[in-house]
Structure formats: C-alpha cells, structure tokens
Amino acid sequence: MNHPGSTPPALPESIVRVPVLGFRHGTISAGERTVPEEVAVALSYNRVGYAVMMATPKDLVDFAIGFSLSEGIVDEASDITGCELIAADEGVECRMQFGPLFAERLTRRRRHLAGALGCGLCGLESLTEATRSVPQVDSVLSVSASALAQAMRDMAAAQILNRQTHGMHAAGFFNPKDHALVVREDVGRHNALDKIIGAVARSGYSGTDRGGGSGAILLTSRVSIELIQKTALFGSPIIVAVSVPTAHALRVAENAGITVAAVARDDGFEIFTHPSRIRVGVETHVA
C-alpha cells in the first residue's frame with residue numbers, strides 16, 4: 001500500500017528474468033530464464049470496484065476497454081470517457097469512467113472475479129450467467145482458407161513476448177480486405193481476446209457489428225464457451241484457433257452463426273461450424 005507523500009510505483013514489466021538451476025544431460029548448471037509476469041488488475045467504473053483479474057501488465061487500456069465491451073457493460077469504446085492506470089504494490093487499478101446511463105447495466109452484470117490467469121467464469125453470482133445467451137452474428141464476411149492459414153502464421157511471428165518466454169497466449173484480429181493483422185498477448189487466453197477487442201474498438205476500425213464483423217478472431221488457445229460469448233458480443237463471425245473447441249462452445253457457436261475453425265497447424269485447420277464463410281480452392285485475382 002502507498003503511504004502519503006511516497007512515490008507511486010511504476011507499472012510492472014511484462015516479462016522478468018529469474019534465476020534457475022538447469023538439469024540437462026545429467027548435470028546441473030546455474031542460469032536464467034525469461035518468464036511472463038502476471039499481476040492483479042482491478043477494474044473499476046466511476047470508482048466502484050467491479051472485477052479483479054490476473055493479467056499480463058501490458059496493453060491494459062486495451063484490456064479494460066475490451067473487457068467492458070465483451071462483458072456487455074458498454075456498447076462502444078467511446079462510452080468509456082476515461083481510463084487511468086494506477087499502479088500499486090498489490091497490482092494495477094484500471095479506473096474507468098462513464099455516464100449515468102450505464103450504472104443500472106453495471107449493477108445487473110456485477111460480479112467479483114479473482115481467478116488464476118483471468119479465468120472467465122470464476123466467482124459468478126449465478127449459473128445462468130455462465131450460459132447467458134449471445135447475440136446472433138449476421139456478418140456476410142467470407143475469407144479464403146489460405147488467407148486465414150497465412151494470418152495464423154503471421155500471428156505466430158508477431159508473438160514477441162511468447163518468443164521470449166514460451167508462456168503466453170495471443171489473440172489476433174485479421175481483416176481480409178487489406179490483410180491487416182493486430183495482435184495482443186497475455187498469460188490468460190480470455191485476457192488476450194479482451195485486449196484485441198479493445199485494441200480494435202479503440203482504433204475506430206470501420207466495419208459492421210462494432211468493427212468485429214469486418215474480420216476474423218485468431219486464437220492460440222482452445223475455444224471455450226467464454227471465448228464464443230465474447231466474440232459474439234464483438235460481432236466477429238469467424239474464429240480460428242490452434243487447439244480444439246469444446247462441445248458446448250460449438251453448440252453456442254452454431255446457434256449464434258459463428259464459424260469455428262480449429263486445430264490450426266502449418267498444413268491447415270478443421271472447420272467445425274458454418275463452413276460457408278471459408279472459401280476453399282484456388283484463389284483468382286482480377287487486376
């Protein structure tokens with residue numbers, strides 16, 4: 001805790017060098033390893049605490065805005081009129097402000113989260129919240145399979161923190177119109193998705209469904225129900241992931257109109273729901 005007159009702590013670093021004893025080839029040697037950091041991140045609105053998540057202390061404004069959107073607390077990034085990061089010995093507080101119209105919504109959605117690695121369902125006040133309905137995604141976006149495969153390779157190349165630590169998830173947003181790719185990283189897969197939603201929303205990216213309808217969400221993790229819920233609220237019609245989806249996530253994605261492609265590898269991926277959005281075959285280009 002800070003004392004009056006003391007200098008407030010700086011925001012923590014995202015990665016840390018730690019000493020290790022390595023056991024390799026039958027011998028022990030001293031060395032160092034770069035590991036990802038995680039800190040408690042408190043999200044508050046109008047100075048009222050709402051949730052505490054464990055997250056990587058990088059791109060936290062994107063995280064705060066994206067969390068607010070994906071949890072249905074606000075409708076647009078511009079609904080958040082201010083976001084201040086306050087570092088403390090115990091972690092970081094993201095102090096957000098918005099107008100009185102969202103106070104009632106905040107009360108309805110209120111929950112207290114304190115789960116390891118940003119667990120998206122820890123501490124829910126009601127089991128109904130865990131299976132809340134999601135909006136229908138009606139985007140007509142169509143993307144070639146080869147473009148999505150290349151975007152997944154490009155995202156892997158853009159994972160700067162993961163290259164240093166081998167312990168980070170990433171989420172990306174790929175716009176096939178101009179092949180633009182935005183990437184965010186975090187120790188938590190839910191947090192990485194919130195960060196990418198916030199980054200795209202803050203950039204004023206044009207497109208339908210609050211910007212999400214103009215591109216695909218890319219994930220390095222498995223596809224669980226929370227990620228489908230967040231993607232649906234964002235309005236993105238396609239998810240491509242490295243690992244497998246859960247059966248529950250697939251049912252919700254099918255009903256919501258979301259295309260799920262997963263088990264993405266260098267040689268391709270598997271399409272589980274709404275395959276018509278992904279074009280397969282030889283691409284032709286007209287000059």
FRET efficiency, D89 to A157 (Cβ-Cβ, R0 51 Å, nearest 0.05)
0.90
Over all directions, how big on average is the projection of the convex hull of the alpha-carbon atoms in segment 161-284, in square nanometres?
7.8 nm²
Want the number for A147 to Q164: 0.36 nm per residue separation, take away the alpha-carbon distance, what's left?
3.4 nm
When only DSSP loop residues count, what trypsin sites (Lys or Arg not before Pro) in segment 197-269 have their Cβ near at most 16 other Cβ atoms within 10 Å?
R222
FRET efficiency estimate (nearest 0.05) - Cβ-Cβ, S203 to R279, R0 22 angstrom:
0.25
Computed over segment 1-88, the convex hull of the Cα set has an average projected area, in nm², of 8.8 nm²
Just to confirm the filter: which GluC sites (Glu not before Pro) across segment 1-85 are DSSP coil and have at most 14 other Cβ within 10 angstrom of their Cβ?
E13, E76
Any idea how far apart H248 and A180 come out in nm if each label point goes 7 Å out from Cα toward Cβ?
3.5 nm
With a cut-off of at most 15 other beta carbons within 10 Å, and DSSP calling the residue loop, which trypsin sites (Lys or Arg not before Pro) in segment 1-80 qualify? Please list them.
R47
Residues with amide H under 5 Å from that of V223, placed H, sequence gap 5 or more
V244, T246
Which lysines have a Cα less than 18 Å from the Cα of K230, not counting those fewer than 8 places away in the same chain?
K195
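Read-outs throughout are calculated quantities, based only on the coordinates presented, and are distinct from any laboratory measurement. Not measured: the values here are computed from a predicted model. Every residue, glycine as well, gets a Cβ built from its backbone with ideal geometry; the counts of neighbours run over all protein chains shown.
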